[in-house]
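I'd like to ask some things about the structure below.
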Amino acid sequence: MGRNKLNHWKLVLLVAACVSPLTGIEAYQPEFAEPIRNISAAVGRDAFFQCIVHHLGGYRVGWVKADTKAIQAIHDHVITHNPRVSVSHNNHVAWNLIIKNIQEEDRGQYMCQINTDPMKSQVGYLHVVVPPDFTEETSGDLMVPEGGTVKLTCRAKGQPAPYVQWRREDGSDIVFKEPTGVKTKVKSYEGETLQLWKISRTEMGAYMCIASNGVPPSVSKRIMVHVHFHPVIHVPNQLVGAPLGTDVLLECFVEAFPKSINYWVRNTGEMIVSSTKYDVKVINRSAFEVKMLVVIRSLQAEDYGAYRCIAKNSLGEVESSTRLYEIPGPTNTYSVSIDEEDYNDQLGSAEKDQDDDFLINAQVNGKSLGLSTLEPPKKSTHSSERSNHVIENGVSRPDCKRTYMRLFLIAWMIIIHKFNNSGI
């Protein structure tokens with residue numbers, strides 16, 4: 001039935017072209033008032049072609065898709081079986097072709113024809129644009145050993161053809177390494193394929209692939225790159241000294257991926273867990289870095305010894321230890337005195353022999369020199385391998401003020417002693 005209808009209208013056009021209803025009246029031949037405008041529209045939108053004809057008279061207007069020769073409509077009758085196509089007109093002057101919810105196959109030339117002899121026609125082009133979308137060839141999340149090569153692919157389709165840009169989600173640089181060792185850092189990279197050689201743990205993270213073609217919306221894909229390596233431990237202080245009755249903090253830093261299992265163990269083999277005696281914490285610093293902390297409260301004699309921090313993942317296991325030892329605690333005396341060892345360290349043996357009578361207390365005019373507002377310059381209450389410590393809020397911390405005060409008092413007392421001996 002549909003084919004018979006199509007043949008019928010073809011015959012109508014043929015007959016109309018051969019027999020003009022206005023024979024002999026050449027002055028009123030139909031003509032196009034203006035060209036058809038080209039249309040650019042996104043998939044899913046509507047397209048509207050308009051053909052303006054003056055002096056149409058008894059002639060008819062038809063619409064044809066030029067590339068396929070498919071008749072769309074004749075006058076006010078739709079011929080195509082496409083339900084999205086319709087026609088309308090205004091006073092037999094403005095003849096409209098409407099295509100709803102356009103698809104990519106609608107792209108092409110559309111011809112407006114008048115059945116004169118010879119036939120008159122003009123053409124408008126429908127450009128269908130398509131926002132970008134990713135194809136199945138786009139990479140997913142991946143894991144690679146440290147020092148290996150990563151190849152990320154991001155393929156997108158759309159009309160016009162999209163361009164692809166890469167960025168790191170956290171804003172860090174993308175690092176390219178040459179075989180010569182030269183490194184190039186960029187904030188973004190354009191191209192469907194991103195290849196990274198000799199990748200390191202610092203390059204681990206999310207990489208963003210962004211596809212654009214000027215047709216909104218742009219699309220992006222987040223690709224996670226995991227760099228796996230065996231655990232590494234760093235202990236800042238392998239020797240820590242603290243007096244009895246105080247709290248002490250031990251720490252150790254771990255790098256590992258996949259994330260490691262981290263724990264503390266005593267030299268007796270006992271695993272340390274949070275309790276009234278211990279406060280154990282693990283602080284995440286990045287995707288592969290953690291800081292291990294343990295606070296030991298109210299030190300007793302049995303608490304001294306070795307403490308091991310251990311990290312293990314599927315690629316290996318590693319450990320490191322810290323030795324905790326006892327140091328003398330603070331005293332309650334407030335007189336200014338210097339022990340022989342400290343004095344000898346500061347002055348040397350010659351001055352020590354000369355000033356033997358000055359080792360216990362400095363005196364001015366026979367009176368003992370004392371400072372009631374200062375703590376005595378005794379040895380520090382907490383020491384590590386390389387620095388003095390004090391107990392601050394119950395936890396050992398480095399103390400520089402006490403060391404400087406001790407040196408000041410030594411110098412001051414030497415000056416007073418020399419002054420007394422001079423007889424001035």
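Among the candidates 215, 232, 227, 240, single out the residue that is hydrophobic (A, V, I, L, M, F, W, C), buried (at least 17 other Cβ atoms within 10 Å of the Cβ) and not in a strand (DSSP E or B).
Exactly one residue qualifies, and that residue is 215.
Further question on the same structure: Mind telling me which of the residues 178, 190 ends up being farther than 30 Å from residue 259 by Cβ, at pLDDT 95 or above and surrounded by fewer than 18 Cβ atoms within 10 Å (Cβ to Cβ)?
Only one candidate passes the filter, namely 190.
With the condition kept exactly as written, say whether any residue in the stretch 138-146 is out of contact with any Leu (no Cβ under 8 Å at 6 or more places or on another chain) and on the phi > 0 side of the Ramachandran plot.
no
Quick one: is residue 128 at pLDDT 95 or above, open to solvent by 30 Å² or more (accessible area, probe 1.4 Å) and within 23 Å of residue 47 (Cα to Cα)?
In short, no.
Then there is this: Here is a list: 258, 243, 231. Which entry is in contact with an Asp or Glu (Cβ under 9 Å, 6 or more places away or on another chain) and either closer than 24 Å to residue 317 by Cβ or small (Gly, Ala, Ser) (or both)?
Result of the check over 258, 243, 231: 231.
Right, another one. Scan the stretch 96-125 and report the pairs whose first residue is in contact (Cβ under 8 Å) with a residue 12 or more places away in the chain and whose second residue is part of a helix (DSSP H, G or I), with Cβ atoms within less than 7 Å and a gap of 6+ or a chain change.
Close Cβ pairs (under 7 Å, with a partner that is part of a helix (DSSP H, G or I)) amount to 99/106; 115/13; 115/16; 115/17; 117/17; 117/18; 119/17.
Where residues in the stretch 243-282 are assigned to a strand (DSSP E or B) and among the basic types (Lys, Arg), which of them is surrounded by the fewest Cβ atoms within 10 Å (Cβ to Cβ)?
281
On to the next question. If only one of 244, 249 is under 16 Å from residue 308 (Cα atoms) and not polar (S, T, N, Q), which one is it?
Testing whether each residue is under 16 Å from residue 308 (Cα atoms) and not polar (S, T, N, Q) leaves just 249.
Would you confirm whether or not the stretch 163-174 contains a residue that is aliphatic (A, V, I, L, M) and under 15 Å from the mean Cα position of the chain (by Cα)?
Checked the stretch 163-174: at least one residue is aliphatic (A, V, I, L, M) and under 15 Å from the mean Cα position of the chain (by Cα).
Okay, residues lined up against (1) under 17 Å from residue 120 (Cβ atoms); (2) open to solvent by 40 Å² or more (accessible area, probe 1.4 Å); (3) in contact with a helix residue (DSSP H, G or I) (Cβ under 7 Å, 6 or more places away or on another chain):
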position: 45; (1), (2), (3): no, yes, no
position: 56; (1), (2), (3): yes, no, no
position: 60; (1), (2), (3): yes, yes, yes
position: 63; (1), (2), (3): yes, no, no
position: 69; (1), (2), (3): no, yes, no
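If the requirement is being under 30 Å from residue 59 (Cβ atoms) and open to solvent by 40 Å² or more (accessible area, probe 1.4 Å), which of these qualifies: 151, 185, 100?
From the options 151, 185, 100, the qualifying one is 100.
The values are calculated or read from the model by the stated rules, or taken from the named source; none is laboratory data. Please read all numbers here as calculations on a predicted model, not as lab measurements. Note that each Cβ is placed from the backbone with ideal geometry, even for glycine, and that neighbours are counted across all protein chains shown. Note: areas computed on protein heavy atoms with side chains; ligands, DNA, RNA excluded. Shrake-Rupley method; radii C 1.70, N 1.55, O 1.52, S 1.80 Å.
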